Amino acid sequence: MVMEMDSAEKRLNELGYKQELRREMTFFKTLAITFSSMAVFTGTPLYGQSLLYAGPASLIWGWVVVTFFTWFVGIAMAEICSSFPTTGSLYFWAAHLAGPRWGPFASWCCAWLETIGLISGISAQSYSGAQALQVIILLSTGTNKGGGYFAPRSVFLCMYVFLIFVWAVLNSFALKVIAYLNIISIWWQILGGMVVIIMLPLVARPTQPASYVFTHFEMSPEETGISSKPYAVIMSVLLSNYCLYGYDTAAHLTEETKGADRTGPTAILSSIGIITVFGWAYNLALTFSIRDPSYLYDVNNETAGALVPAQIIYDAFHGRYHNSTGAIVFLCIIWGSFFFCGLSVTTSAARVVYALSRDKGIPFSPIWRRLHPIHKVPVNAVWLCATISTVLGLPILKLNVIFNAIISISTVGWVGGYAVPIFARLVMAEKNFKPGPFYLGKARRPICSVAFLWICYTCSAFLLPTLYPITWNTFNYAPVALGIALSLIMLWWILDARKWFKGPVRNIDYQNGNV
């Protein structure tokens, strides 16, 4: 009996790749991992900073604006994903869409941007998880005012490294293990998110009036050093920019997903839809529940001013029940979101490193492309990503601004990687594009144009200084780190890689339906 070939596997063969990874993922499992990469609570560490820049109105309406433009990016990527259901995803798309002349260079740029973004994305989630855990321990041992234990930098770093280690171990097993964990994740985040979103304002009564949440604009130049209103608004919207990406995870899993030419695009758009609603509702719940805005940033408050949403949640429960138990439970829900998000980002990062190694684009490629003989997962790529992410966190011991640098590097790399295939799709001749089931037709030019311009804005915003005056403790190190990394990558291209890197390397010949 001859099994009918999956439509996505057939398209994969046409593109020049044989099926090596196990194609066992369903739509729901793919959605679960993609949704986990975005996460309902992922913007929690940036909430206080965003609120400080321009007040609640800018933060709340900024989410709506960013969501609107994010849909353009997601729709543009969904169309490309439908046509190219491969694990290499973005850089593979860039190579084919840019054509034979520019394809290798476009693929090289996209691959390295994506790799930088995803690996630093692991670091960002590990930092967020360690910060939430730090506050949970503080509240569990008596609060900052009650002599609770506030983990010093060295212990914080240990928590950071431990989370990355756990994610790497779990990603060393068969993908179905990660898929099951992420099914838990999607219910954890949806049900946990609903509990936090609904219960927090109810517990915090009386809440802030709607006029405060939706119309109050207030700058804090004495804390931020920023007196320009447009600049302050741009900074306050960074929370939304940071939260609303990661949906390309569905594309990284397409070689392991059944019917990926349909399920991949659907998972991308479904994830954006869910985060659009839940993310805005979470921001509203926090903002309505604020008791004393100025007290949130006091280093002598119960959470040591370390995490503003934690103080909002603590104030709500302590004000109503005179204990911190409810706040600890809610923070555990938020910590779980970071844990599952980091787990999914590690999965994506390893797939990108594996795909690039398969195409000989990374030093020592034969090592990183090696699959586990039983589980068929790129275990060496997993541990390479984990090692680099660990190294990125070492400055935690000395610098206060390391988190801002990490999320800036992650966002610019990750979202910047989106720009290359979208721009190539925008300028290519339509006759050279073989559409998949999800096809935009004549709408692709306006959609891709808006998407590309929005990505350029987002990347530029994350490279701006976040605090003034600029000192060693306020400097945004992301432009320097990215500048050095990208300069070395471009130098490598000019001196050597352009001679041998031709983009995705076909490993089969598929003609007339025969492999």
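The values are calculated or read from the model by the stated rules, or taken from the named source; none is laboratory data. Note that this is a predicted model, so its numbers are computed, not measured. Here the Cβ positions follow ideal geometry from the backbone for every residue, glycine too, while neighbour counts run over all protein chains shown. Surface areas here come from the heavy atoms of the whole protein model, side chains and all, with no ligands, DNA or RNA. Shrake-Rupley method; radii C 1.70, N 1.55, O 1.52, S 1.80 Å.
Within the range 291-310, if we keep just the residues that are over 27 Å from the mean Cα position of the chain (by Cα) and farther than 17 Å from Tyr149 by Cα, the residue that is modelled with the lowest pLDDT turns out to be Ser294. Within the range 343-397, the set of residues being under 23 Å from Gly129 (Cα atoms) and assigned to a loop (DSSP other than H, G, I, E, B) comprises Gly393 only.
Take the conditions (1) in contact (Cβ under 8 Å) with a residue 12 or more places away in the chain; (2) farther than 26 Å from Thr67 by Cβ; (3) open to solvent by 10 Å² or more (accessible area, probe 1.4 Å); Val329 misses just one of them, which is (1). Residues that are closer than 19 Å to Ile272 by Cβ, within 14 Å of the chain's Cα centre (by Cα) and small (Gly, Ala, Ser) occur in the range 39-51; there is at least one. For the residues Asn241, Asn182, the requirement of being among the polar types (S, T, N, Q), open to solvent by less than 60 Å² (accessible area, probe 1.4 Å), at pLDDT below 90 and closer than 24 Å to Cys110 by Cβ singles out Asn241. Among all positions in the range 91-106, there is at least one residue which is at pLDDT below 90, open to solvent by 10 Å² or more (accessible area, probe 1.4 Å) and among the charged types (D, E, K, R). Here the range 107-150 is the region considered, the condition is being aromatic (Phe, Trp, Tyr) and touching a residue at least 40 places away in the same chain (Cβ under 8 Å), and the residue that is least open to solvent (accessible area, probe 1.4 Å) is Trp108.
Among the residues of the range 311-326, the ones that are under 25 Å from the mean Cα position of the chain (by Cα) and surrounded by fewer than 18 Cβ atoms within 10 Å (Cβ to Cβ) come to 0 in all.
So how many residues does the range 387-397 have that are open to solvent by less than 60 Å² (accessible area, probe 1.4 Å) and in contact (Cβ under 8 Å) with a residue 60 or more places away in the chain? Of the residues in the range 387-397, 4 are open to solvent by less than 60 Å² (accessible area, probe 1.4 Å) and in contact (Cβ under 8 Å) with a residue 60 or more places away in the chain. Considering the range 248-273, and only residues there that are assigned to a loop (DSSP other than H, G, I, E, B) and open to solvent by less than 10 Å² (accessible area, probe 1.4 Å), the residue that is modelled with the lowest pLDDT turns out to be Leu253. As a summary of the residue check, Asn476 satisfies the conditions (1) more than 23 Å from Ala355 (Cβ to Cβ); (2) under 27 Å from the mean Cα position of the chain (by Cα); (3) without any contact (Cβ under 8 Å) to a residue 24 or more places away in the chain except for the one numbered (3).
Only residues that are of a type in the set (A, V, I, L, M, F, W, C) and in contact (Cβ under 8 Å) with a residue 12 or more places away in the chain: list them for the range 179-193, please. Listed by number, the residues that qualify are Ala179, Leu181, Ile183, Ile184, Ile186, Trp188, Ile190. Assess whether Phe84 counts as being surrounded by fewer than 24 Cβ atoms within 10 Å (Cβ to Cβ) and farther than 19 Å from Asn404 by Cα. When the stated conditions are applied, Phe84 does not pass them. Exactly one residue among Val352, Val308, Val345, Val299 is hydrophobic (A, V, I, L, M, F, W, C), surrounded by 21 or more Cβ atoms within 10 Å (Cβ to Cβ) and over 29 Å from Lys176 (Cα atoms), and that residue is Val308. Note on the range 284-296: among residues that are in contact (Cβ under 8 Å) with a residue 24 or more places away in the chain and either open to solvent by 10 Å² or more (accessible area, probe 1.4 Å) or in a loop (DSSP other than H, G, I, E, B) (or both), the one that is farthest from Val65 (Cα to Cα) is Arg291. The criterion of being under 24 Å from Ser172 (Cβ atoms) and in contact with a Lys or Arg (Cβ under 8 Å, 6 or more places away or on another chain) does not hold for Arg425. Answer with yes or no whether Ile75 is aliphatic (A, V, I, L, M), crowded, with 24+ Cβ neighbours inside 10 Å and over 18 Å from Leu331 (Cβ atoms). Against the criterion (aliphatic (A, V, I, L, M), crowded, with 24+ Cβ neighbours inside 10 Å and over 18 Å from Leu331 (Cβ atoms)), Ile75 does not qualify.
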